[in-house]
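Sharing a structure below in structure tokens format, with a few things to ask.
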């Protein structure tokens, strides 16, 4: 199947981007270089084309529609105009997707989902939501998404969307008048820096993209930098670090699961809690500039104890960093491990999450 | 892409400069551009034997680890320690400061298996 293109594809070409397939989309991986774009985001402000991600609008009462049962976060207690990070789980507590939930009105929600899982997510919702008094709509094809990330992102956005931006707390959102439209801007992101996500209709996104880039503090950044930025702060990537076979328990993400309410997968989680975990998602750091890579095998005491799920060179730390599932008894901070693939052998050590702790996220 | 005259090239995008029985090698401008930011270079020890088109070094970029192949058979007579300390030299100056190693040739006839600049340019065009 041919990869889809976002409305910004021509803009990326003009900027000399290198593009590659990701989740069924042809996406910009880098413009001037991953390391430069990474550092620019950490120090200034970068804009990312995230139009590949999906958005669903749901009109439903959280409880009577079953929506609250489909998601691991407590929807009933969510204040209006706030977002939550959470999961849709299957009956075995395997992660169908990690999503951001937006409470637009008392009974109106937006779910932001991953590109590759969009169709399966929609089907899961359709199957599990009540039929009556529920409206589920996939608006992914008409709604574009830009991420503006970095310590200067707030200043940049105030100039475009007004001083209301200053009032947005972490994981809050509101409507702002931009280019004559009322658009959702949330204070969220995937970089560990102060940042915002902007949801605009497809027909305005080129104009908004170019408006943001008129500010010399803003540079475009690709999915390459997005990956190194998220990895440095230990955020999981769906399809690599978490999937249908991993649960929030093993991934260390239970703070996004409300065990006080009922939800699909809860029984399986309780069972696993009783049994104990065989593996746990851990962070490790190499002793050199060599990077762990997806699928490298992990050894300790000459025994295979796991596999690398994400890895890269860390531009901020100047060494290799990675995540992977290790056997639970060998996960103590400081444990020495060896990463192997054919003729590559790398010494590494288990470290705390996140790798990078100086982000402006909550500034 | 910069493809200097007077060098020989491989299908895996290494370049070689012949000087008597010594062959200095590195990766082409096209290769460094494709790899993106280079973050790590592993070079062989001195005096190790290498075989034409067999793996001899490893280059890592942010995105991937890639093998580098010996363009000719012989013995390693020099390695560039500068690129080990500063891997970005391979991006900045692939044909000059970013050279990787020197091979003392044992089989000069193997040069016939390599491309000249003109042929490599056409090879790049055909494979883009």
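Readers should treat all values here as calculations from the given coordinates under stated rules, not as data from a laboratory. Computed from a prediction, not measured in an experiment: that's the story for all the values here. All Cβ positions, even for glycine, are placed from backbone atoms using ideal geometry, and neighbour counts span all protein chains on display.
Bin width 10 Å, origin at 0, all Cα-Cα pairs of region B:8-107: what percent of pairs per bin?
P(r) for region B:8-107, in whole percents per bin: 18, 56, 25, 2.
Using the count of nearby Cβ atoms within 10 Å as a rough guide to exposure, how do B:47, B:30 rank from fewest to most?
Ranked by crowding around the Cβ, least crowded first: B:47, B:30.
Let me ask something additional. For residue A:80 and residue B:19, what does the FRET efficiency come to when R0 = 45 Å and r is the distance between their Cβ atoms, rounded to the nearest 0.05?
It comes out at approximately 0.05.
Each label point is 7 Å from the Cα along the Cα-to-Cβ direction; what then is the distance between the points at residue A:340 and residue B:82, in nm?
Each label point lies 7 Å from its Cα, and together they span 3.8 nm.
Can you tell me the convex hull volume per residue for region A:278-351, based on C-alpha atoms, in Å³ to the nearest whole number?
74 Å³
Among A:191, A:41, A:331, which comes first, second and so on when ranked by fewest other beta-carbon atoms within 10 Å?
Fewest-to-most Cβ neighbours within 10 Å comes out as A:331, A:191, A:41.
Another one. What is region A:193-306 by shape, rounded, prolate or oblate, if you read a ≥ b ≥ c off the alpha carbon gyration tensor as root eigenvalues and call it rounded for a/c under 1.5, prolate for a/b larger than b/c, and oblate otherwise?
oblate
Determine which residues of region A:117-136 fall in the zone a paramagnetic label at residue A:90 would reach in this model, i.e. backbone nitrogen under 13 Å from the point 7 Å along Cα→Cβ.
A:120-121, A:124
Ignore the peptide's own chain and count Cβ atoms of other chains within 10 Å of each Cβ in B:32-45; give me the average, rounded.
So the per-residue partner count for this stretch is 4.
Also, quick follow-up: Determine the equivalent ellipsoid of region A:6-99 by diagonalising the alpha-carbon gyration tensor, then write out the semi-axes as square roots of 5 times the eigenvalues, largest first, rounded to whole Å.
35, 16, 14
Of A:13, A:215, A:302, which is the most mobile in a GNM of chain A whose springs link Cα atoms less than 10 angstrom apart?
Most flexible of the set in this elastic network: A:302.
Running a GNM on chain B with Cα contacts under 10 Å, which residue among B:31, B:45, B:117 ends up with the highest mean-square fluctuation?
Judging by the Gaussian network model, the answer is B:45.
Where does the protein assembly as shown land on the Kirkwood hydrodynamic radius, alpha-carbon pairs, in angstrom? Intermediate results must be reported in sequence, preceding the final value.
Details: mean 1/r = 0.0406 Å⁻¹.
It works out to 24.6 Å.
Separate question: Quick check on the exposure proxy: order A:69, A:127 from fewest to most C-beta atoms within 10 angstrom. Mind dumping the intermediate values first?
Values: A:69 18, A:127 8.
The order, fewest Cβ neighbours first, is A:127, A:69.
Give the share of C-alpha pairs in each 5 angstrom bin for region A:72-175, from 0 to the last occupied bin, in whole percents, shortest bins first.
Taking all Cα pairs of region A:72-175, the binned fractions are 2, 10, 18, 22, 20, 14, 8, 5, 2, 0 percent.
Regarding region A:138-247, what whole-number volume in Å³ per residue does the convex hull of its Cα atoms give?
Convex hull volume per residue, Cα atoms: 127 Å³.
While we're on this one: What residue among A:272, A:167, A:217 shows peak mean-square fluctuation when chain A is described by a Gaussian network model with Cα springs under 10 Å?
Comparing A:272, A:167, A:217 in a Gaussian network model of chain A, the most mobile one is A:167.
A further question on this structure: Set the Förster distance to 35 Å, then compute FRET efficiency between residue A:166 and residue A:127 from the Cβ-Cβ distance, nearest 0.05.
Efficiency computed from Cβ-Cβ geometry: 0.25.
State the three equivalent ellipsoid semi-axes of region A:169-234, derived from the C-alpha gyration tensor as the square roots of 5 times its eigenvalues, in descending order and whole Å.
Sorted largest first and rounded, they come to 22, 16, 10 Å.
A further question on this structure: When the helices in chain A are scored as -39500 (n - 2.57) per DSSP H run of 4 or longer and the sum is shared across all residues, what 222 nm value do you end up with, to the nearest 500 deg cm²/dmol? Write down the numbers at each step before the final one.
Details: 8 runs with 73 residues, N = 363.
Helices in chain A give a 222 nm mean residue ellipticity of -5500 deg cm²/dmol.
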